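The values are calculated or read from the model by the stated rules, or taken from the named source; none is laboratory data. The shown structure was predicted, so the numbers you read here are calculated from the model rather than taken from an experiment. Every residue, glycine among them, receives a Cβ derived from its backbone with ideal geometry; neighbour counts consider all protein chains shown. In case anyone asks, the SASA skips ligands and DNA or RNA and just uses the protein heavy atoms, side chains included. Shrake-Rupley method; radii C 1.70, N 1.55, O 1.52, S 1.80 Å.
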Amino acid sequence: MRRNFPLNTVDAFLVTAKHLNLTHAAKELCLTQGAVSRKISTLEEWLGFSLFDRHARGLHLTPQGSALLPELQQAFEHLLNVASDAAHKPSVIRLKAPTCAMRWLVPKLVQLESVSPDIQVALTTTVEHGVNFNNEPFDAAIIFGKPSANGTLLFEERLTPVISQHLLPDGEITPEDLSRYTFLHPTRDRTDWSLWFAQNVPNPPAMNKNQHFDTMDLAISAAIQGFGIAIADATLVAEDLHRGRLVQPFAGSVKTGACYCLALKPGEDGHAGLEGFKRALLAVS
């Protein structure tokens, strides 16, 4: 019998009981008087007793209606509160991101928490550059690689040398001076440095001393500590340059053709707040 209860009639009863006037109740509910009257009749039929006495001057609650009114008001208010709380609970976005993107991402998440407190991000870092939403428990991911139609561009990779101010001699350095530094490589090969030399230095210096790292973030951290000179993405080191932790000794940078993109879990299984999360992340400076 519970399942047959006409829940959609309760608001008609409560509003009509407030006004004791079908015209006013219909206006508040945005219904016709006939529709309001039918809702009340449906509820009365289910209850087995009348809720209102109809008089020429208007409506009056019956004794049964008067007894039922406060209980229904309380129950309906509780129902609305439960629904409102559910609708305004923070959205938890399960985000996967490569460690190399942390220098860009973490400040964004700090700002996002300030301007959009309803969005909570559960962050998982990885050395992987992609995501498989079918097999991984994530709602969104920052992916690194070639541009993809399935992701929203965050920024393109642009490589430039960076070094600690403490390692720089007085005045400027030339590409020829680089041979006396330890070259910090963000990968196990020397592709990134070679690409920058190819477009900026016709006669590249000898790389006599080298250190290789598994991620760009580690290479950048080593450069900040004065280990040597790193080749790094200009966007990822922007804050380090701004705060003086690193210096960009040469103006030239080189695009690699790779980029960082935000991918969202596709289809109906995707998180309901994903589009809002994407807009908020792109909006923070």
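The residues of the range 217-252 that are assigned to a helix (DSSP H, G or I) and either small (Gly, Ala, Ser) or open to solvent by 30 Å² or more (accessible area, probe 1.4 Å) (or both), listed by number, are Asp217, Leu218, Ala219, Ser221, Ala222, Ala223, Ile224, Ala238, Glu239, Leu241, His242.
Within the range 2-21, which residues are in a helix (DSSP H, G or I) and loosely packed, with under 15 Cβ neighbours inside 10 Å? Residues satisfying the conditions are Arg2, Arg3, Asn4, Leu7, Asn8, Lys18. Screening Ala258 with (1) under 27 Å from Leu109 (Cα atoms); (2) open to solvent by 30 Å² or more (accessible area, probe 1.4 Å) gives one miss only, at (2).
Which residue out of Gln199, Gln211 is open to solvent by 20 Å² or more (accessible area, probe 1.4 Å), outside any loop (DSSP other than H, G, I, E, B), touching a strand residue (DSSP E or B) at 6+ places or on another chain (Cβ under 6 Å) and touching a residue at least 40 places away in the same chain (Cβ under 8 Å)?
Numbers: Gln211 fails: touching a residue at least 40 places away in the same chain (Cβ under 8 Å).
None of the others qualify; the one that does is Gln199.
Among the residues of the range 30-63, the ones that are open to solvent by 90 Å² or more (accessible area, probe 1.4 Å) and farther than 14 Å from Leu20 by Cα come to 4 in all.
Among residues of the range 156-184 that are in the same structural domain as Asp233 (by the TED database), those with a Cβ under 9 angstrom from a residue that is β-branched (Val, Ile, Thr) and in a helix (DSSP H, G or I), sequence gap 6+ or separate chain, pair up as Val162/Ile220; Val162/Ile224; Ser164/Ile224; Leu184/Ile220.
Look at the range 118-144: where a residue is assigned by the TED database to the domain that holds Lys278 and a partner is hydrophobic (A, V, I, L, M, F, W, C) and surrounded by fewer than 15 Cβ atoms within 10 Å (Cβ to Cβ), sitting 6+ places away or on another chain with Cβ atoms under 6 Å, you get Gln120/Val92; Ala122/Val92.
Kindly check whether there is at least one residue in the range 170-187 that is within 20 Å of Ser221 (Cβ to Cβ) and open to solvent by 40 Å² or more (accessible area, probe 1.4 Å). Yes, the range 170-187 has at least one match. In contact with a strand residue (DSSP E or B) (Cβ under 8 Å, 6 or more places away or on another chain), of a type in the set (Ser, Thr, Tyr) and closer than 30 Å to Lys18 by Cα, is that true of Thr126? Answer is no for this residue.
Residues that are open to solvent by less than 60 Å² (accessible area, probe 1.4 Å) and either among the hydrophobic types (A, V, I, L, M, F, W, C) or modelled with pLDDT under 90 (or both) within the range 127-144 comprise Gly130, Val131, Phe133, Glu136, Phe138, Ala140, Ala141, Ile142, Ile143, Phe144, listed in sequence order.
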